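Engineer: Okay, handing you the structure first.
FYI, it's all coordinate maths here, none of it is from the lab. Not measured: the values here are computed from a predicted model.
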Amino acid sequence: MADWQELVRQELAGLALDLQQNREVIEELSAHLEETFEQFRREGRTESESAQLALGQVGDWMILRRRIQAARAKEHLMTSRITQFWIPSMVTFVVAEGLLGLLQKFGPKPMIFAWSGNLAVLQFYVPWLLTLPLIGAMAAYLSHRSGGTSRVVFSTVLFPALAILGLFLFVLPVALIVDRHIDPSIVATGFILGILGWVFVPAAALLIGGLPVYLFLSRHSTSRHIAGQ
Amino acid sequence: MIGSGIKRGTAELAVLSVLQDGPLHGYELARRIEQQTEGALRFTLAALYPMLYRMEQQRWIRGSWETSANGRRRRCYRLTPAGKKKLSPLRREWAELFRALHRLTKVAHG
């Protein structure tokens, strides 16, 4: 009896969908062909005749591939943005910021670096920074599992740091405009130290967890894909 | 020659009408349509599945994986509220078109 899944996989090779969608399409079409084949067998046809008749129900494989691609492309674009980027990013952001809030309330005091003659300080919540690699790893896993590309996965991993960067870029200029009594040099130093403490260091911590998980998962899925061909 | 728009319209009407009776997977759906139209409407896979995916994208139908009693996984399609809403005007439009064509052929042969 024909291996319908293998046959459909070969005929639809090059279908540009994410892994999960690709698997689902192959499973669905091969199930259809298998049932058609079994129906012909029940009608008393020989195995090879039934297989030929079942294949005759496909039409043109190239047209099928092109149409599936076109039908799934728009849907794919919309849903993939949500499942590969927005949901993992939001989960990561909420977990990271929730933990920070808890540690600020119940945890040890932050490590503060101050320079004499300068009001701006550099502060680190060390326990929070230590949890960030785990959060980065979780972000990479969630995004990669949904079929995210490397760019999407790393945007998701860095999302908490990027959100804080956005906040800095918005809040500080507004603070300068609203309160004209603040010395612009203090604001500039505070901005640089803030970016360093709240964006660059957390981003590095997130990447420490996210990068190995991404590398591991992409290697794993590539070898699985090759084995499945 | 029947245009692709008309062909697509009849195929969509057929799918929505059959799914009104209950959820079906692709193979059953194609078979049911073929049986109920006495072979007048037959779908190749190249016609059926892209159409199902497009209709799913338009939220007229919804597909979900189900495991049958014999342990086979099948993707079953069911009509959504939006699909139900789409069905009645679609039926009306097609009925009007067939009535018009019927009148036209009667005049032509009368």
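Engineer: Per DSSP helix of 4 or more residues, -39500 (n - 2.57); summed, then divided by the residues of chain A. What does that give at 222 nm, rounded to the nearest 500?
Structural biologist: Taken over chain A, the calculation gives -25000 deg cm²/dmol.
Engineer: What is the ratio of the Cα radius of gyration of the range A:4-59 to 2.2 N^0.38 Å, with N the residue count, to two decimals?
Structural biologist: 1.22
Engineer: Determine which aspartates and glutamates satisfy two conditions relative to residue A:105: a Cα distance under 20 Å, and not lying fewer than 8 residues away in the same chain.
Structural biologist: Partners within reach: A:97.
Engineer: A further question follows. Taking the Cα centre of each part, how many Å lie between the range B:44-75 and the range A:156-211?
Structural biologist: Using only Cα atoms to place each centre, the spacing works out to 48 Å.
Engineer: Here is a follow-up. What is the Cα convex hull volume of the range B:4-109 when expressed per residue in Å³?
Structural biologist: Considering the Cα atoms of the range B:4-109, their hull volume per residue is 116 Å³.
Engineer: In straight Cα distance, which aspartates and glutamates are under 17 Å from residue B:106, not counting same-chain residues fewer than 8 positions off?
Structural biologist: B:96
Engineer: So what is the relative contact order of chain B, in percent, for Cα pairs below 8 Å that sit 6 or more residues apart?
Structural biologist: Relative CO of chain B lands at 27 percent.
Engineer: Okay, moving on. In chain A, which helices (entire DSSP H runs) extend 18 Å or more along their own long axis, judged by Cα positions, while averaging at least 1.6 on the Kyte-Doolittle scale?
Structural biologist: A:159-178
Engineer: A follow-up question, please. What translational D, rounded to a whole number of µm²/s, comes out for chain A from Stokes-Einstein when the hydrodynamic radius is the Kirkwood one over Cα pairs, at 37 °C and 0.692 mPa s?
Structural biologist: Estimated via Stokes-Einstein, D reaches 152 µm²/s.
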